[in-house]
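Let me begin by presenting the structure, written as structure tokens, before commenting on it.
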Amino acid sequence: MKRIRLILCALLVGLVATPLSGGAQVSAETATPRAGARCDKAGDVNGAFWCEAKGATLIWTDNKLQKGTYKIGAELLLSGAAAFAGVPMGRGMEKAVAEINESGFLGKGAKLQLIQFDSAGSVPNAITAANKFIADGVSGIICCSLSSQAAAVIAITKPAGMPTVIAAAVLPNLASPPFIHRTVLLLGGKGGWQPQSAALMAKALRATSAIVVVTSDNQGMVADAATYVEGLAGAGVTSITQVKTAAADTDLSGAASQIIAANPPMVVIATLGGPGSRLVKALVDRGYKGQIVGNYGLSDTTNYAIAGNSLAGVVMPTPFFAEKATNKIGKQIVSWWKANNAGAYPSVYPLQGYTAVYYLATAIKNSGDGKPANVAKAMNKIGRFETGYGTVKFERGQMKFAQTALPNYVVWRAGGLKTVWDLKPTR
Amino acid sequence: MQLLIQQILNGVAVGSAYGMFAMSFGLIFATMGILNVAHGAIATLGAIGALLVVESWGFPLIPALLVGIATAIIIGLVTDRLAFQPLRARSNPLGYLITSIGVWIVLISVAETLLDHQIKTFPPDFVSQPRIITSWVYLAPGQFWLIIVGGLSVVGLHLILSRTTIGVQIRAVGYSEVWSRISGVSSSTVVLSTVAISCGLAGVVGILSSIAFDNVAVQLGEGLLLKGFAAVVVGGFGDVRGAFAGGLIIGVTEVLGAQYISGDFRDVITFGLLILFLIFRPQGIFGEVKFGAIK
């Protein structure tokens, strides 16, 4: 049966491709779908457009991208409080661009040029970056680790018709096709891995009270905290208190003392990674013995340098568990990062940058000319996509797992290792 | 009650950092008339200097502290010679401010490069004692040392300024550079001494704060600068004790505000206090002495 399907596939590819490719050998690089060919499903697999008809037919297309250099703008946090995320994200982007140009991904004579702009976490800088990129004539923009920046950038790029890929910000509903897409797996939405992990811990503890700590000047964290509260309430936690901190807070002794005084059986941390790990250390130093559940910001290895073994037992979900990467792209990213970082495992940030560049590059490739309007159209045709996270799909511009994926719940162990959480109390 | 006492102690610890920084920042302003916005970056670079020798050669606390202080003093002296000294003949406060912004940008860039754009920390157990734990209060080692060194530095600096020859010269130059020169005071010696004392103290604050708050980052100095400036305004420029007290007031107010009002208003309370003082008591709690700028 499989063989018959393959033969049918090959025949159909030949039939469709021959008239348009002038009899050239049919391959993923030269075949073009017949004008008006109808696809039941369509999408890209790392840049190769595919079309599936009647459940068995794959038609690969030639992107016909004109020769030349195609610019993409990337607004990054290369300095400032969140540079720990922005710098590796930028390196992931650079790797993707280097790969794309070396492999001829865009086609013969077509190159990608990455223009980075350090916004240092400032909204005005992010706005400046967006305007600069538009003036520079880029084909698309990648932006925004911070939700506040994303909202400001979208307000510029959307009316300007500039395709924008949000690479890290987690505020709900940021994606807005045709121009605004997001290549971030959201873990914090309703029923997401983050609230689920808190709910599972609450059930394991039979907890009736909990404290949720939130970075109250970060919209994404506030939204995450709301879903944590919802998840905890659903797990039977009746007394939920919120402790508010600010993104720039370095002295967390006050927040820690407040939590210690209440002494809840569990604390949920919806903050940026740095303040989160400092809070964990402040809590553990003060003798807190309860369970701590964090968001994926706490999974980054830089947190271990801050909090050391205080992190042991902290549970969090992560979209990318580098230590257990299984797919090809994920393994490649891990190998590359380890080779360049003294054997350390990567956080999710380089993968976020890498994925965003490939996504935008794929749309540029399929646009035919790299013009923003056509890039946006091509971006909207991307259905499935291979990433380091696994196969993903896009729904209304938002990236999601293509199939239901088992959550990556991990737990920090003493010595800086992370292991899979067995859904039992850890401390 | 227990929580209130704990939070007051937390406030005193962070307030000591603000207070020490306010003294160092205020000393430069009072003596030389420079509103030096680069002063926070000097504190940051002091912390980075100490961190580098800890990371590279495993220096223990005291030698690392000395290296950090020396780093801050050297950077302070170099920037003073290169950036501020040429402006003294013109004595233009706006020129000082603009120059200090330029110096700040340069120093921040250096700090970012040295930190490789990362937030770093001293090793988790770099300072492990004394840790005060009772059934009533908890004081982390970093907090303990901030309070102790803060107290010692305000007493020490006050004694230096009031009881030593160089202290009297510094104050004399602050009152009137012309008259002090007529009296035989060497203004260059005073400048060097003021910069060394001020930047050395900034280095101490940078190192102790970064240990207490597990945070060696470029933003370390910015936070200290803003709160330190507010502390100077609240306490008054005229007396280092006032600047330190202003730091304590701000530290305790912001921690108690976060506890009993909301964490959302932590900075609102601090800078609201600053605005209130600027409107109703611009001379600060301890009063202001009119200083001139050294030329």
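Taken over the range A:341-392, the criterion of being more than 28 Å from A:PHE84 (Cβ to Cβ) and part of a loop (DSSP other than H, G, I, E, B) is satisfied by A:GLY368, A:ASP369, A:GLY370, A:LYS371, A:ILE382, A:GLY383.
From the list B:LEU51, B:LEU9, B:LEU65, pick out the single residue that is within 28 Å of A:THR302 (Cβ to Cβ), part of a helix (DSSP H, G or I), touching a Leu at 6+ places or on another chain (Cβ under 9 Å) and within 13 Å of chain A (Cβ to nearest Cβ).
Details: B:LEU9 fails: within 28 Å of A:THR302 (Cβ to Cβ); B:LEU65 fails: within 13 Å of chain A (Cβ to nearest Cβ).
One residue alone meets the criteria, B:LEU51.
If you filter the range A:204-219 down to residues that are hydrophobic (A, V, I, L, M, F, W, C) and within 14 Å of chain B (Cβ to nearest Cβ), you find that the one that is surrounded by the most Cβ atoms within 10 Å (Cβ to Cβ) is A:VAL213.
Restricting the first member to the range A:401-413 and to residues that are farther than 10 Å from A:PRO319 by Cα, and the second to residues that are among the basic types (Lys, Arg), the beta-carbon pairs closer than 6 Å and six or more apart or on different chains are A:ALA402/A:ARG384; A:ALA402/A:LYS393; A:VAL410/A:LYS418; A:TRP412/A:LYS418. Can you confirm whether A:SER139 is farther than 30 Å from B:GLY223 by Cα and crowded, with 19+ Cβ neighbours inside 10 Å? Yes; evaluated as a whole, the condition is true for this residue. There is no residue in the range B:201-215 that is surrounded by fewer than 22 Cβ atoms within 10 Å (Cβ to Cβ) and among the acidic types (Asp, Glu).
Picking from B:LEU226, B:LEU278, which residue would you name as being over 13 Å from the mean Cα position of the chain (by Cα) and either part of a helix (DSSP H, G or I) or crowded, with 16+ Cβ neighbours inside 10 Å (or both)?
Numbers: B:LEU226 fails: over 13 Å from the mean Cα position of the chain (by Cα).
Exactly one of B:LEU226, B:LEU278 is over 13 Å from the mean Cα position of the chain (by Cα) and either part of a helix (DSSP H, G or I) or crowded, with 16+ Cβ neighbours inside 10 Å (or both), namely B:LEU278.
Would the range B:152-164 turn up any residue that is under 30 Å from A:ALA307 (Cα atoms), surrounded by fewer than 19 Cβ atoms within 10 Å (Cβ to Cβ), of a type outside the set (Asp, Glu) and under 18 Å from the mean Cα position of the chain (by Cα)? Looking through the range B:152-164, at least one residue is under 30 Å from A:ALA307 (Cα atoms), surrounded by fewer than 19 Cβ atoms within 10 Å (Cβ to Cβ), of a type outside the set (Asp, Glu) and under 18 Å from the mean Cα position of the chain (by Cα). Restricting attention to the range A:61-80, the residues that are surrounded by 24 or more Cβ atoms within 10 Å (Cβ to Cβ) and of a type in the set (A, V, I, L, M) total 4.
Does the range B:50-60 include one or more residues that are under 20 Å from the mean Cα position of the chain (by Cα) and either surrounded by fewer than 21 Cβ atoms within 10 Å (Cβ to Cβ) or under 16 Å from B:ILE207 (Cα atoms) (or both)? If you could, list the steps in order and put the result at the bottom.
Applying the first criterion (under 20 Å from the mean Cα position of the chain (by Cα)) to the range B:50-60 yields B:50-51.
Within this subset, residues satisfying the condition of being either surrounded by fewer than 21 Cβ atoms within 10 Å (Cβ to Cβ) or under 16 Å from B:ILE207 (Cα atoms) (or both) are B:50-51.
The answer is yes; a qualifying residue exists.
Table: residues versus (1) surrounded by 19 or more Cβ atoms within 10 Å (Cβ to Cβ); (2) more than 25 Å from A:TRP336 (Cα to Cα); (3) under 20 Å from the mean Cα position of the chain (by Cα).
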position	(1), (2), (3)
A:SER103	no, no, no
A:LEU112	yes, no, no
A:GLY121	yes, yes, yes
A:SER147	yes, yes, yes
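Taken together, A:THR391, A:THR387 contain a single residue that is hydroxyl-bearing (Ser, Thr, Tyr) and under 21 Å from A:CYS143 (Cα atoms), which is A:THR387. From the list B:SER210, B:SER188, B:SER176, B:SER183, the one residue that fits, being closer than 19 Å to B:ALA43 by Cα and polar (S, T, N, Q), is B:SER210.
Counting the residues of the range A:393-410 that are of a type in the set (A, V, I, L, M, F, W, C) and either more than 16 Å from A:LEU187 (Cβ to Cβ) or assigned to a loop (DSSP other than H, G, I, E, B) (or both) gives 4. Exactly one residue among B:ARG181, B:ARG163 is touching a helix residue (DSSP H, G or I) at 6+ places or on another chain (Cβ under 8 Å) and among the basic types (Lys, Arg), and that residue is B:ARG181. Considering the range A:220-263, and only residues there that are of a type in the set (S, T, N, Q) and under 25 Å from A:GLN149 (Cβ atoms), the residue that is surrounded by the fewest Cβ atoms within 10 Å (Cβ to Cβ) turns out to be A:GLN242. Within the range B:77-107, the set of residues being at pLDDT 90 or above and touching a Gly at 6+ places or on another chain (Cβ under 8 Å) comprises B:ALA83, B:TRP104. Screening B:GLY236 on (1) without any contact (Cβ under 8 Å) to a residue 60 or more places away in the chain; (2) within 14 Å of chain A (Cβ to nearest Cβ); (3) not basic (Lys, Arg) shows it passes everything except condition (2). Taken together, B:LEU27, B:LEU3 contain a single residue that is more than 13 Å from B:GLY223 (Cα to Cα) and either hydroxyl-bearing (Ser, Thr, Tyr) or within 14 Å of another protein chain (Cβ to nearest Cβ) (or both), which is B:LEU3.
The values are calculated or read from the model by the stated rules, or taken from the named source; none is laboratory data. Nothing here was measured: the structure is a model prediction, and the numbers come from that model. With ideal geometry, Cβ positions are generated from the backbone for all residues, glycine too; neighbour counts draw on all protein chains shown.
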